[in-house]
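The values are calculated or read from the model by the stated rules, or taken from the named source; none is laboratory data. Model, not experiment: these values are computed from the prediction. Positions of Cβ are generated from backbone atoms using ideal geometry, with glycine treated the same way; all protein chains shown enter the neighbour counts.
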Amino acid sequence: MSTPYAKLPLWADYGLIPLINLTVAFLVAGFVVMLVGESPIEAVQLMLKGAFGSGRGIGYTLYYATNFIFTGLAVAVAFHGGLFNIGGEGQASIAGVGVAIVCLTFDSILPWWLTFPLAIAAAAIFGAAWVLIPAWLQAYRGSHIVITTIMFNFIAASLMVYLMVYVFKPDGQQVPESRQFLEGANIPSLEPLLGMLGITARRTPLNITFILALVAAFGVWLLIWRTKLGYEIRTMGLSAKAALYAGIGEKRTIIVTLLISAALAGMMSLNPIMGAQDRIQLNFAGGAGFVGIAVALMGRSHPAGIIFAAILFGMLYQGGAEIAFEMPNITREMIVVIMGLVIFFAGALENMFRPFVQTIFASIRPRSVGLDPKPAGEA
Amino acid sequence: MFDVLISLLDSTVRLSVALLLACLAGLYSERSGVFDIGLEGKMLAGAFAAASAAAVTGSAWVGVAAAIFAAVFFALVHGFASITNRGNQIVSGVAINFIVAGATVLLGQAWFKEGGRTPQLTGNARFDAITLPFADAVRGVPVIGPIYAELISGHSILVYIAFAMVPLTWWILFRTRFGLRLRAVGENPAAVDTAGISVTWLRYRAVICCGILTGLAGAYLSLAQSPGFVKDMTAGRGFVALAALIFAKWKPVPAMFACLLFGFLDAFAIRFQGYSFPLIGQVPTQLMQALPYILTVILLAGFIGKAIPPKAGGVAYVKER
C-alpha cells in the first residue's frame, strides 16, 4: 500500500517530525505534572540532576538504558518485517530462566568469561523459543501475532510465578527468588571504564552487558541494511505481496524475523540477572519489554535512534526516582504516563502533524516536496 | 456438594461481569473495524473515575456517570488516532493502556494521598446486592430455591445490567439498521461509503459504545466487586475479555458463554486453591490462571473451529488519495 502522504525531505522525515511529536508528548506530560500541582520546570531540573548529576546517577541511567536497547532492538527488528512483537516482556522473562539455569549450573565450576557466553546463548535460545509458537501460528495459521504474543506474556507471567515458587526458591526461604550466584557468574562492572573517563561511580550496576547491547545494535544495523536476510525482512515489511512476487519465502521470513526479535528481547535478561542482582527474581524484567515499544517508535526503528531513545528512557527511569523522592505529589508512575504519551504521539499519531509540515514545506520550497511549479510567464 | 456448586457458580457470575461488559465493548469496536487493545486501559480509567467520583460525592450513580465519561474520553482518543489520523490501532491501544495505568496512580496519590488508592467506599457510594422478590420465601424449596435465592438473586444492579446487555447487543447488531451498517463497515468500508454512509461517523459511534461499556465494566470493579480503587485493579481482565471475544468469534451470545467459562476458571482457581484432586493431585493455581490464555492460543491455532476476525479490522479507511 502506498503511503497516502507526499514525500518530505529525509531530514524532515527522520528529524523534524519525530521531534515535533516528542515535543508534544513532553508538553502533555508537563501538563500532567501541573495537574497534580507541581512545577514541570522544576521536575525537569530534578530529573536531569538525578540522571546525570552524579557518577552513580550516570551509571544507573546507562544500566537502565542497556535493558531498553535490547528490547527496543527486538521491537524494531519485528517492525522492519511489518510485525508487532508485543511479547518482549514474556520473552525476556523466560530467557531469564535460561540464564539462571546456566548460572546456577556452572557458577562453581567455570570462570565468568566462560559462563557469560553460555548465558548469552541460553538467553537468546530461551527467548526465541518463547516466540516459536506465536511465530508459527502467524506464519502458518494466520492468527495475529499481537494477540498471541499478549497471551504468551500472561502465560509467561504465570509460569514464572510457578517456577520461582516451586523450582528456583531454595527450601526454607520466603522470598520467591533463586539462591545468589557464586563467583563464576559475576560479570565485570564498568566502573573502572567510567573511572577512566573521569567519572567516579561507586556501587552502580552498570556492567559489560552495556557493551554487548552496543554490539547488538551494530549487529542489527548490519543485519537490516547489509545482508540478504535484512533486505528480505524489509521487503516483507513494506509490501508482503512484492516480497512474494520477488520469490521471498514469506513463512520462513516471518519465523526467522520473530526468532531474532525474541532472542534480542531475551538478551535483556542478562543485565539485571547477571549484572545487578546475581540471582533470578520474580518480575526482574520490570516492564522493560514494554518500554521497548516506546523506544523503537521513538528511535524510528534505527539502531542509532534506539540507543539515543534508550538512554533518554534510562534517564527517565533514574531521574524519575529522584523526582518521586523530592516531589510528594509525583510517584514513579509518572514514567509510565510519559512512556504512554511517547508511544501515542510518536506511534499512533505519527502522521498528525505531517500535513501541516507539508503545507509549510510546499509553500517555502515546492521542489522539496516533489512539486515543480513553472516560473511565472512561461505558462 | 450441591452447595459448593451453587457458591462456585455464584462467584463465577460475579467474576464474569467485568469480563462480559469489556468483551461486549470490544465487540462493538472490532465489529466496526477498529481493533482495541486498550480495553484494559479504558476499564481501569472507568474504575478510577467511578471510585473517585463516588468517594467525593457519596453517590454510586455519579460514579457510574464519571466512569462512562472517562472511558468514552479515552475511546474518543483512540478513535481520533485510529479513525481520523489513520494511525496504527494497536500502537494507540497500547499507549492508552500505559497512560491510564500511570495516570490513575499518579492522580490517585495526588488527590487522596493513600498510595494510589481511593478511600474505602461505604453506603450509597457502593452498589449493594439486590434481593429479588420472594428470594427468602423460596429459599427452602429444594434445588430451585437455592438457585433462585443464591445464584440469581443477591447481585448488584450492574450484574443485571451486564447480562441484559447481551440480548440488547444482539438486537442492536443483528436487528437494527445501525447494527447492519456497523457490521458492514467492519467487513467492507468502501461498500458502506459507496452507499453514501459516513464510515468515520459510524466508526466513531462504535467506539463510543465501546467506551460506555468499558466504563460500566470499570464501575463494576470499583463500586460493586471491591469497595474502591486499587492500583492496577483490572489485572489483565481487558486482555482476557479480548481473548473471550476471539473465543466467541465476535458474536454476543457466545461472548457471554466465553466470559462465563473464563469467570468459572477464575472462581474454580480461587475455590480449590491448594486442594488435592483424586487421580491428578494438586493443580497449581498458576496453571488455572494461565488457562484462558492457553485456550485462546489453541483456538487461534485452529484446533477448535476457526476464529475469523472482521475483514477490515485494524485497517484505517482511506477515502481517496
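Within the stretch B:259-276, can one find any residue that is touching a helix residue (DSSP H, G or I) at 6+ places or on another chain (Cβ under 9 Å), surrounded by 23 or more Cβ atoms within 10 Å (Cβ to Cβ), more than 14 Å from every other protein chain (Cβ to nearest Cβ) and among the hydrophobic types (A, V, I, L, M, F, W, C)? Even if it seems obvious, please write down each step before you answer.
If we filter the stretch B:259-276 for residues that are touching a helix residue (DSSP H, G or I) at 6+ places or on another chain (Cβ under 9 Å), which is where we start, we get B:259-274.
Within this subset, residues satisfying the condition of being surrounded by 23 or more Cβ atoms within 10 Å (Cβ to Cβ) are B:259, B:262-263.
Next, from what is left, pick out any that are more than 14 Å from every other protein chain (Cβ to nearest Cβ): B:259, B:263.
Retained after the next criterion (residues that are among the hydrophobic types (A, V, I, L, M, F, W, C)): B:259.
Yes - at least one qualifying residue is present in the stretch B:259-276.
Of B:21, B:44, which residue is part of a helix (DSSP H, G or I) and in contact with a Leu (Cβ under 7 Å, 6 or more places away or on another chain)?
On the way: B:44 fails: in contact with a Leu (Cβ under 7 Å, 6 or more places away or on another chain).
Selected residue: B:21, the only one of B:21, B:44 that is part of a helix (DSSP H, G or I) and in contact with a Leu (Cβ under 7 Å, 6 or more places away or on another chain).
Would you be able to say whether some residue in the stretch B:49-58 is over 19 Å from the mean Cα position of the chain (by Cα) and within 14 Å of chain A (Cβ to nearest Cβ)?
Filtering the stretch B:49-58 for residues over 19 Å from the mean Cα position of the chain (by Cα) gives B:52-58.
Filter once more, so that each one left must be within 14 Å of chain A (Cβ to nearest Cβ): B:52.
Checked against the condition, which is being over 19 Å from the mean Cα position of the chain (by Cα) and within 14 Å of chain A (Cβ to nearest Cβ), the stretch B:49-58 yields at least one hit.
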Among the residues of the stretch B:225-250, what is the count of those that are within 18 Å of residue B:68 (Cα to Cα), surrounded by 23 or more Cβ atoms within 10 Å (Cβ to Cβ) and over 9 Å from the mean Cα position of the chain (by Cα)?
3
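Among the listed residues B:59, B:92, identify the single one that is touching a Ser or Thr at 6+ places or on another chain (Cβ under 8 Å) and hydroxyl-bearing (Ser, Thr, Tyr). Steps first, answer last, please.
Details: B:59 fails: touching a Ser or Thr at 6+ places or on another chain (Cβ under 8 Å).
Matching residue, one of B:59, B:92: B:92.
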Is it the case that some residue within the stretch A:291-314 is without any contact (Cβ under 8 Å) to a residue 24 or more places away in the chain, within 13 Å of chain B (Cβ to nearest Cβ) and not charged (D, E, K, R)?
no
Subset of the stretch B:113-138 that is part of a helix (DSSP H, G or I) and in contact (Cβ under 8 Å) with a residue 60 or more places away in the chain - its residue that is nearest to the other protein chains (Cβ to nearest Cβ)
B:125
So residue A:281 clears everything in (1) in contact with a strand residue (DSSP E or B) (Cβ under 6 Å, 6 or more places away or on another chain); (2) over 28 Å from residue A:337 (Cα atoms); (3) not hydrophobic (A, V, I, L, M, F, W, C) except one condition, right? Which one?
(2)
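May I ask you to verify whether residue B:100 is crowded, with 23+ Cβ neighbours inside 10 Å, at pLDDT 90 or above and within 14 Å of another protein chain (Cβ to nearest Cβ)? Don't jump to the end; show me each part of the working.
Values: crowded, with 23+ Cβ neighbours inside 10 Å: yes; at pLDDT 90 or above: yes; within 14 Å of another protein chain (Cβ to nearest Cβ): yes.
Yes; evaluated as a whole, the condition is true for this residue.
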Taking residue A:15 as meeting all but one of (1) small (Gly, Ala, Ser); (2) surrounded by fewer than 22 Cβ atoms within 10 Å (Cβ to Cβ); (3) within 14 Å of chain B (Cβ to nearest Cβ); (4) not in a loop (DSSP other than H, G, I, E, B), write down the number of the exception.
(3)
Residue count, the stretch A:134-166, condition more than 7 Å from every other protein chain (Cβ to nearest Cβ), within 26 Å of residue A:250 (Cβ to Cβ) and part of a helix (DSSP H, G or I), comes to 10
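Here is a list: B:83, B:161. Which entry is out of contact with any strand residue (DSSP E or B) (no Cβ under 6 Å at 6 or more places or on another chain), surrounded by 13 or more Cβ atoms within 10 Å (Cβ to Cβ) and over 30 Å from residue A:341 (Cα atoms)?
So the residue among B:83, B:161 that is out of contact with any strand residue (DSSP E or B) (no Cβ under 6 Å at 6 or more places or on another chain), surrounded by 13 or more Cβ atoms within 10 Å (Cβ to Cβ) and over 30 Å from residue A:341 (Cα atoms) is B:161.
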Residue A:185 is checked against (1) out of contact with any helix residue (DSSP H, G or I) (no Cβ under 8 Å at 6 or more places or on another chain); (2) at pLDDT below 85 and fails just one. What number does that condition carry?
(1)
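In this structure, is residue B:94 over 26 Å from residue B:57 (Cβ atoms) and either within 7 Å of another protein chain (Cβ to nearest Cβ) or crowded, with 23+ Cβ neighbours inside 10 Å (or both)?
yes
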Total residues in the stretch B:139-163, condition acidic (Asp, Glu) and either out of contact with any Asp or Glu (no Cβ under 8 Å at 6 or more places or on another chain) or in a loop (DSSP other than H, G, I, E, B) (or both)
0
